[in-house]
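**Q** Have a look at this one.
The values are calculated or read from the model by the stated rules, or taken from the named source; none is laboratory data. As the structure is a prediction and not an experimental result, all values here were calculated from the model. Every residue, glycine as well, gets a Cβ built from its backbone with ideal geometry; the counts of neighbours run over all protein chains shown. Remember, those area values only see protein heavy atoms, side chains included, never the ligands or the DNA or RNA. Shrake-Rupley method; radii C 1.70, N 1.55, O 1.52, S 1.80 Å.
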Number of protein chains: 2
Amino acid sequence: MFPEVDPGEVDVVVVALEPDLTAFIDEWQPFISRFRVLIIQDPNLGAHKSLRVPPGLNHKIYTAADARGLLGNAAFAVSHVGYLVSDKRIVVILDSSCRPHRSSGSGDPVAQHLTNLLTPATPSYFNTLYDPYRSGVDFVRGYPFSLRGGVHCVLSSGLSEGQFVDAVITVPAGAMMVVPAVNIACDRRALGPALLPPFHVEAPLAEIWAGLCGKLVADHLGLGVKSGLPYVARSCTDIGPSSAVVSAAEAERAALEFFRTARLPRTAVVAADCVRLLAELVRERLGGVHPGFSLLADAMLAWLDFWNAVELSR
Amino acid sequence: MFPEVDPGEVDVVVVALEPDLTAFIDEWQPFISRFRVLIIQDPNLGAHKSLRVPPGLNHKIYTAADARGLLGNAAFAVSHVGYLVSDKRIVVILDSSCRPHRSSGSGDPVAQHLTNLLTPATPSYFNTLYDPYRSGVDFVRGYPFSLRGGVHCVLSSGLSEGQFVDAVITVPAGAMMVVPAVNIACDRRALGPALLPPFHVEAPLAEIWAGLCGKLVADHLGLGVKSGLPYVARSCTDIGPSSAVVSAAEAERAALEFFRTARLPRTAVVAADCVRLLAELVRERLGGVHPGFSLLADAMLAWLDFWNAVELSR
């Protein structure tokens, strides 16, 4: 059904938004039981000393205290504690509000994410709505032969409820996009720290900063990003109003123009270097536009420090 | 159901691939009868003096002799004779191998094309598979507010059979794409001669030249292009092997790099100027790479001459 991957190369990160995970695990068991599951306790659950996890799951729990011990008071979303501490090639990130969607392509959202990552992406030339690597599908007529091999896909961004569309497409190189914090899968070895956590920073575009940076780095490194299947059902969907700072239209426009035109030096060939250089560019070119952008640059470098510290400790 | 358009502002171009259009018109009548229909006789039908068109259709026939009178021996696909002679704001192009697809969104492929053109496009920021202007749909969370107004959509590129996907998306600015010669609709006033005809020229990428040029010009002018619905059923699908010149991989790569990086001057603000300047750039930068590219530049300028001549004659 999907390209082979050793289950030992995959971590599934689950952010626990409530203390009892029984219902969540019951529904996800068929799709996640062959992988290690890293359960991250939401800090708002601090009062509850223990999470309820049904037996039979290969899992590891990170409490709010564990996260604090690791990150101090850094303003990161906890979902990314799991991404940070994982030492696997591939990480799938869910939270306990996610439920498998009945119409999720293969019917197995995790397998769909792995298929997305393990088949090539085609960022250099748009193939309309056809995923050319799907069984029985091919490239559109005339699609340049030199590009049909595709590139390595490093990020699979699934969708939430809303109108269901049975498709996966590569987001073209150069296009900016929103990357949500859950229902995503990442090649952690390749994209590494460039999959930024959501930053709890008061700044224009803070809500989509991770997607802006991650996509720019993936494009720079010649790697691919896909969007579409798998769908998950969520109580909070990814469609609808936004909590973004809306009063800074000029700053927003300046930042979008920055991301549209920013180029990293060719010498930056690993994700960590890209993140550092990008943070420096943000501070240099956007710091004077709005103070929030300097905070975002700080947060990027702080995240990178944590990443490097964890990597060094291995 | 779809935004209002005066039927008098729309031409439907039909390329007649066989002499008897009875079956074709029978199926399309409900969708095209309120528009003027320009029927273009395929040159291979030269022996048949007359086309069979059922009564009740507001139509005008252009025979192969008419096309020759207009274009001489220019190496253009006849589909674009209709696009050239139309004086309407919007042109929808079909050929007689197209049949309405049972799952064509609204069920009315022509109305779907008009909806695509008359609702904004969002080329500056990817909205994954959600068409934000579809009833009941919205932008993804965090989508920049300054971009939610979208831009004017000038080209709607429908699909043929294959896996049916119930979606319309904007192709991001900067992305290269294939634009087929039929099942498309165009804002002729805005995109004008930049919707090139398929050129019968022996050159790398000749089959997709129209899409490469049209998309680059639309991006330069800040206009949008959509892909997806409507689907039509065709005997010849847009998926599958290609007749492109495949032996010139180096030339193909050079041309793709050219289109990825080519920039037109800001002073070019109408489509005709963009086409002329683009043809000159092609000759200058690709003429030495492969002789076919000079032929394509010649064909672009020849097409532009025909366009200007027809416009002047009005």
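**Q** Roll a 1.4 Å probe over the protein chains and send me the accessible area per residue for chain A in Å².
**A** Values: 11980 Å² over 314 residues.
With all protein chains present, chain A gives 38 Å² per residue.
**Q** Which distances, in nm and shortest first, link the A:GLU257 label point to the same label point in every other copy, taking 7 Å along Cα→Cβ?
**A** 3.0
**Q** Let me ask something else about it. Can you pull the percent of the range A:8-312's accessible area that's carbon plus sulfur, 1.4 Å probe, other chains left in place? Mind showing how you got there, number by number?
**A** Numbers: 5890 of 11140 Å².
About 53 percent, which is the carbon plus sulfur part of the accessible surface.
**Q** Follow-up question, since we're still on this one. How much space per residue, in cubic angstrom, does the convex hull of the C-alpha atoms of the protein assembly as shown take up?
**A** For the protein assembly as shown, the hull spanned by Cα atoms encloses 158 Å³ per residue.
**Q** Let me ask another. What net charge do the residues around A:PRO100 carry, taking every other residue with its C-beta under 10 Å from that of A:PRO100, with Lys and Arg at +1 and Asp and Glu at -1?
**A** 0
**Q** Please find, among residues of chain A, the one with the beta carbon closest to the rotation axis relating it to chain B, distance in whole Å.
**A** Per the Cβ-to-axis criterion, the result reads A:GLY174, 2.
**Q** What are the label-to-label distances in nm, one decimal and shortest first, from B:PHE164 to the same spot in the other copies, with labels 7 Å along Cα to Cβ?
**A** Counterpart label points of B:PHE164 in the remaining copies fall at 1.5 nm.
**Q** How much solvent-accessible surface does B:TRP307 expose, in Å² to the nearest 10, with a 1.4 Å probe and all protein chains in place?
**A** 20
**Q** For A:ALA233, place a label point 7 Å from Cα along the Cα-to-Cβ direction in every copy; what are the distances to the other copies, in nm, shortest first?
**A** 3.5
**Q** Could I ask something else about it? With a bin width of 10 angstrom, please list the P(r) values of the range B:151-200 as percents of all Cα-Cα pairs, from the 0 bin to the one holding the largest distance.
**A** 19, 55, 24, 2
**Q** For the cross-link pairs A:LYS215/B:LYS215; A:LYS215/B:LYS88; A:LYS88/B:LYS215; A:LYS88/B:LYS226, which exceed 30 Å when the distance is taken from alpha carbon to alpha carbon? Write down the numbers at each step before the final one.
**A** Working: A:LYS215/B:LYS215 22 Å; A:LYS215/B:LYS88 41 Å; A:LYS88/B:LYS215 41 Å; A:LYS88/B:LYS226 39 Å.
Over 30 Å Cα-Cα: A:LYS215/B:LYS88; A:LYS88/B:LYS215; A:LYS88/B:LYS226.
**Q** Over all Cα pairs of chain B, how is the pair count split among 20 Å bins, expressed in % and running from 0 up to the last occupied bin?
**A** Result returned by the calculation: 33, 60, 7, 0.
**Q** A follow-up question, please. Report the charge-dipole magnitude of the range A:8-312 in Debye, nearest 20, computed about the Cα centre from +1 at each Lys and Arg Cβ and -1 at each Asp and Glu Cβ.
**A** Details: 25 positive and 29 negative charges, 125 e Å.
Computed about the Cα centre, the dipole is about 600 debye.
**Q** For the range B:18-27, in order, what is each residue's ³J(HN,Hα) by Karplus, 6.51 cos²θ - 1.76 cosθ + 1.60 with θ = phi - 60°, in whole Hz (x at glycine and Pro)?
**A** Values, residue by residue: 9, x, 9, 9, 4, 5, 4, 5, 3, 6 Hz.
**Q** Do any residues of the range A:154-190 lose at least 50 Å² of accessible area when the full set of protein chains is present rather than just their chain alone, and if so which, with a 1.4 Å probe?
**A** By number: A:GLN163, A:VAL165, A:MET176, A:VAL178.
**Q** Sticking with this structure for a sec: Give me the summed buried accessible area for the B-A pair, 1.4 Å probe, to the nearest 100 Å².
**A** 4500
**Q** Need one number: the % of Cα-Cα pairs in the range B:126-172 sitting beyond the 13 Å mark.
**A** Numbers: 689 of 1081 pairs.
That fraction is 64 percent.
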